[in-house]
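None of the figures in this text is laboratory data; all of them are computed from the coordinates on show. Since the structure is predicted, the reported quantities are computational estimates derived from the model, not experimental observations. No Cβ is skipped: glycine too gets one built from the backbone with ideal geometry, and neighbour counts run over all protein chains shown.
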Amino acid sequence: MSGARPRVLITRRWPEAAERRMMDRFDVTLNEGDHPLDEAALIDAMRTFDAVCPTVSDRVGAAVIEAAGRRAAILGNFGVGYDHIDIAACREFGVAVTNTPGVLTDATADLTLTLMLMAARRGGEGERLVRAGGWTGWGPTQLLGRSLAGRTLGLVGFGRIARAVAQRAHHGFGMRILYFARREVDGDDVAALGAEWVPDLHTLLGRSDIVSLHVPGGVETRHLINAAAFEAMKSEALLINTARGDVLDHAALVGALKAGRIAGAGLDVYPHEPDVPAGLVELENVVLLPHLGSATVDTRVAMGLKVLDNLDAWFAGKGPPDRVV
Ligand code: DGY
């Protein structure tokens, strides 16, 4: 780089503390309107800036990466998941990508527990009842849900966030833990959970009272949970998704919820956000949140600072610590 400060685009507004730190280091342009950028705007950004910092709400497809006359050689993604970026195209065209692992683990695990509790204790239904003025007072059989203690939690994927969920569920709520992953995971923290590896997905689904999804999005996991998966689940089971919307076949989910094939669901992510798949909002037995997994002030500031560390290393000619490609 020449002596000039690198030009960096932040595609959405971050908490002010993180934006200020970025401005101390780089020549930063903010998206004042805070609207997701369309493809033309992203292509323009690739031609204009030394680094672009997208979020999950930006679709960074091959056309953006290939942008003729491209200048940006690094995407400092504000988030841990990067299925909204065409990684194969980045590899082909030599665009580096970094992400923000670790700093959003606790917040996302907390939100997973929030959804588990809301779905198990019918929190959404209760809230709607009170707001609609329909609550007539305490009743011995009103809105009865299920306790978590003693139930089995089946984790699909067993990375950082799944393990943080397991710790909360086991040590905090007395749940038994099963996990589905490519291989068995060692370690004292896993041993302390008494977590059991179940190498077959449908076996895990059949044994779990709550199933929680923690695999990355993308072609390999698309519709991993489909009609056959719902057939394998217990009829009183709950399904929780704080991972990526594509992992779930939502038409199959709506069918399963309507037919009583499973008891309920809690969702934070959807395939084409902000659209909510057809049929869900009409159902009582599903809790719907607007992609809040990492949405705490501390977490979002920490994510911004992770982007900063990665860009700092890149522009200093060192390897960014969280380089994906
Ligand atoms: C992530 O970090 O992947 C979250 O889903 C928000 O971007």
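Taking the criterion of being of a type in the set (A, V, I, L, M, F, W, C) and in a helix (DSSP H, G or I), the residues of the range 186-208 that qualify are Val190, Ala191, Ala192, Leu193, Leu201, Leu204, Leu205.
Among the residues making up the range 258-300, those that are out of contact with any strand residue (DSSP E or B) (no Cβ under 8 Å at 6 or more places or on another chain), within 14 Å of the ligand (Cβ to nearest atom) and either charged (D, E, K, R) or touching a residue at least 40 places away in the same chain (Cβ under 8 Å) (or both) are Glu273, His291, Leu292, Gly293, Ser294, Ala295, Thr296, Thr299, Arg300. Identification of helices (runs of 4 or more DSSP H) wholly contained in the range 85-185 with 3 or more residues that are within 15 Å of the ligand (Cβ to nearest atom) and either more than 30 Å from Arg70 (Cβ to Cβ) or among the basic types (Lys, Arg) (or both) yields 105-121, 160-167.
Checked against the criteria, Thr29 does not count as within 15 Å of the ligand (Cβ to nearest atom), under 21 Å from Met303 (Cα atoms) and hydroxyl-bearing (Ser, Thr, Tyr). Out of curiosity, is Leu42 assigned to a loop (DSSP other than H, G, I, E, B), within 15 Å of Val8 (Cβ to Cβ) and free of Cβ contacts under 8 Å to residues at least 40 places away in the same chain? Taking the combined requirement at face value, the residue does not satisfy it. A count restricted to the range 56-78 and to residues that are within 16 Å of the ligand (Cβ to nearest atom) and crowded, with 20+ Cβ neighbours inside 10 Å stands at 7. Gly255 meets all of the listed conditions (1) more than 16 Å from the ligand (Cβ to nearest atom); (2) outside any helix (DSSP H, G or I); (3) out of contact with any Gly (no Cβ under 6 Å at 6 or more places or on another chain); (4) of a type outside the set (S, T, N, Q) but one, namely (2).
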